[in-house]
1. Using the Kirkwood radius over Cα pairs, work out the Stokes-Einstein diffusion coefficient for the range 313-396 at 37 °C and 0.692 mPa s, in µm²/s as a whole number.
2. By a straight-distance test (C-alpha under 22 Å), which lysines pair with residue 110 as possible cross-link partners, with residues fewer than eight away in the same chain excluded?
3. Can you give me the three principal axis dimensions of the range 222-336 from its C-alpha atoms, in Å, biggest first?
4. How much net charge surrounds residue 153 when only other residues with a Cβ under 13 Å from its Cβ are counted (Lys, Arg +1; Asp, Glu -1)?
5. Mind checking the dipole of the chain: about its Cα centre, +1 per Lys or Arg Cβ, -1 per Asp or Glu Cβ, Debye to the nearest 20?
6. In 10 Å bins starting at zero, report the fraction of Cα pairs in the range 125-195 per bin as a rounded %.
7. Using only the alpha carbons, work out the radius of gyration and Dmax of the range 52-170 in angstrom.
8. Considering only C-alpha atoms, what is the centroid distance from the range 176-201 to the range 290-338, in Å?
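The values are calculated or read from the model by the stated rules, or taken from the named source; none is laboratory data. Because the structure is a prediction, the values reported are computed rather than measured. Counting neighbours? That spans all protein chains shown, and the Cβs are built from the backbone with ideal geometry, glycine included. Side chains are part of the model used for accessible areas, which takes the heavy atoms of the whole protein and leaves out ligands, DNA and RNA. Shrake-Rupley method; radii C 1.70, N 1.55, O 1.52, S 1.80 Å.
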Amino acid sequence: MALVQNFPFMSIILSLFSGPLCSVLDGKKARRVNLAVISAVGVMSAAVLFYVIGTGEPFIYLMGHFPAPWGNEIRVGILEAFMALFFCAIMLLCMAGGAREREEQIEESKQNLYYVMSNLLLCSLLALVYTNDLFTAYVFVEINTISACGLIMIRQNGRTIEAAIRYMISSLLGSGLLLLGICYLYAITGHLLMSNIREQVQILAAADRHHIALMVALGLMSVGLAIKSALYPFHAWLPDAYGYSTLSSSAILSSLVSKGYIFLLIKIFYRVVGFGVVTESKVVHVLFVFGIIGMIMGSVNAIRVDDIKRMIAYSSVAQIGYIYMGLGLATEAGTVASIYHVLSHAATKSLLFVAAAGLTDVSQNNTRFKDITGAGYRNKTAGVAFTVGSLSMVGMPVFSGFISKLFFAQAAVGHAHKMLPTFIALAISTVLNALYFMKTVIRIYTPVPRSQGKYISAGEQPVKTAVLICFILLNLVLGLNSDPVIRLIQGGLGMFE
């Protein structure tokens, strides 16, 4: 076995054990450990990606000395390695961009606890990406939930505690349904390893046995993960969780946590059940309908709020609707578009949250629209970055959001029953996106009369400026050079089979 094949397991273990290490360090040392771990995992993920691209084949890492079906496995292909690398890059930028806010908003005695939670969150995301065992995935779903709750409530005010409780209640409901689905699947297949379940499901489907039980299991797992990823109407916890958390927590929650659950659902569709069985089950039709509703209602709610952070949060509901609409198309092209939108949304939403923090910094930390008037002049980098993120969300060419919407439209072409609803939903959603994002851009570039000039520019924050520039470049790379990314996604999906 090549050394690089040990890197996925080493990444998970390094993230896992760095959490307890941070608990005995002070805040500054814990922050250094956290950044070092994310960087190291990113480097290892890049090495794994290049290795898998070079070999052209996925590989399996056996944990312990027991082969399937008794042992546990990690299975690594192009898509898994690429997602791990991308998640590390986004988390590193989010942690760097929100450093000052963490120091101001979190008690000094609890800052090391924040890094414990973030390391556990990284560990759980990597495990969801790499694992080939369905029950192991469930365990790390719960670790992900607990660590995300910690990131929300560590700010310790009434709003964040309430938001964390609402998030926990919704997540526990989703986790319970996911576990019931796994139990059903285990009862009819006798396996927990994804590849073994897939073989047994194909046999059962060919023999037309346990059809109802399979549909129940698939439905439970799909609904459970839809709740956890805030698909409309299961989104009630999301605005408070994103709107009242610290900057780095809001950026990480919106760009990574829900995407880990969505990636697990895609793995279940392709590697556990088989996409042919999923299509026949009609579950995808339900996801398609709720995805379209989420696209529109998320944007409607974003228009109605008067707070920039809550507006960005409601926008996430709409963008998650895009992803589920693509999965609901029940085609490979639709799944590719959804995975690409996972990447686009992760990069753009983090950019928007960090930029919004820069705008509120020069507006006496107020987040209401009337208070951020003219903020684009007071913090030029944040103003440009927010404009770039807004244009991407609307779907302007050269930005990643345009490519996402283009791929969704192409995936729907020729679909007998879903092409027209997809086009209509894309058109309505784009108009609504333009209404609230462009309204905000106009607001931050509306000059404030001298008689009302009560704001002063914040001090220079070179780290946050560098982070914003990196996010802008990432968005442009995804928008202008999408072909290599699409080929990676298609190659990774081919390895799922």
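1. The Stokes-Einstein estimate is 236 µm²/s.
2. Result set, ordered by chain and number: 28, 29.
3. Extents along the principal axes, in whole Å: 44, 25, 22.
4. Working: positive: 110, 155, 159, 166; negative: 107, 162, 240.
Counting the neighbours of residue 153, the net charge comes to +1.
5. For the chain, the charge dipole is close to 1240 debye.
6. 19, 41, 26, 11, 2
7. 17.4, 52
8. Result: 29 Å between the Cα centres.
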